[in-house]
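S.K.: Sharing a structure here in C-alpha cells format.
The values are calculated or read from the model by the stated rules, or taken from the named source; none is laboratory data. Note that the structure is predicted; figures quoted are calculated from it, not measured. Note: ideal-geometry Cβ built from the backbone for every residue, glycine included; neighbour counts use all protein chains shown.
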C-alpha cells in the first residue's frame, strides 16, 4: 500500500484484523479514516488487487466462493497480484493454507 501511495495512487485496504490496521498505520506514521463494513466484501470499483493473505487464510471449501466474489468486484482483465503458499499441507494445518498453482489457475 505504501508503494502505491508514494506513486500517487489511491490505496484502499480491506483487513479483518483491527490490530493489523492499527499496527500498519502506527508503524508507517500515517493518518487515515477507517470504516467498518458489515460486509467485508462490499467494496466495488476495484482497479487492481493485491491479495497478500486472503486466499491462503481460507480453508478449501470457502475458496471458490471467495474467488467468485472477488471476480464480481472488478472488470475482466484487472491485474491481480496474489501471494500464496505451496507446501505439504500435512506439515502444517494452517492458516495459512497451502494453495498450489493449479488451484489458483482454476479459481
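Table: residues versus (1) part of a strand (DSSP E or B); (2) closer than 15 Å to residue 56 by Cα.
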site: 69; (1), (2): no, no
site: 72; (1), (2): no, no
site: 77; (1), (2): no, no
site: 81; (1), (2): yes, yes
site: 87; (1), (2): no, yes
site: 94; (1), (2): no, yes
site: 103; (1), (2): no, yes
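S.K.: For the stretch 58-66, does any single residue satisfy the condition of being within 29 Å of residue 103 (Cα to Cα), modelled with pLDDT under 85, loosely packed, with under 11 Cβ neighbours inside 10 Å and in the same structural domain as residue 105 (by TED's automatic domain parsing)? Don't jump to the end; show me each part of the working.
M.R.: Just the residues of the stretch 58-66 that are within 29 Å of residue 103 (Cα to Cα), to begin with: 58-66.
Filter once more, so that each one left must be modelled with pLDDT under 85: none.
Checking the stretch 58-66: not a single residue is within 29 Å of residue 103 (Cα to Cα), modelled with pLDDT under 85, loosely packed, with under 11 Cβ neighbours inside 10 Å and in the same structural domain as residue 105 (by TED's automatic domain parsing).
S.K.: Select from the stretch 72-85 the residues that are surrounded by 13 or more Cβ atoms within 10 Å (Cβ to Cβ) and either touching a helix residue (DSSP H, G or I) at 6+ places or on another chain (Cβ under 7 Å) or without any contact (Cβ under 8 Å) to a residue 12 or more places away in the chain (or both) and write down the one among them that is farthest from residue 46 (Cα to Cα).
M.R.: Here the answer is 85.
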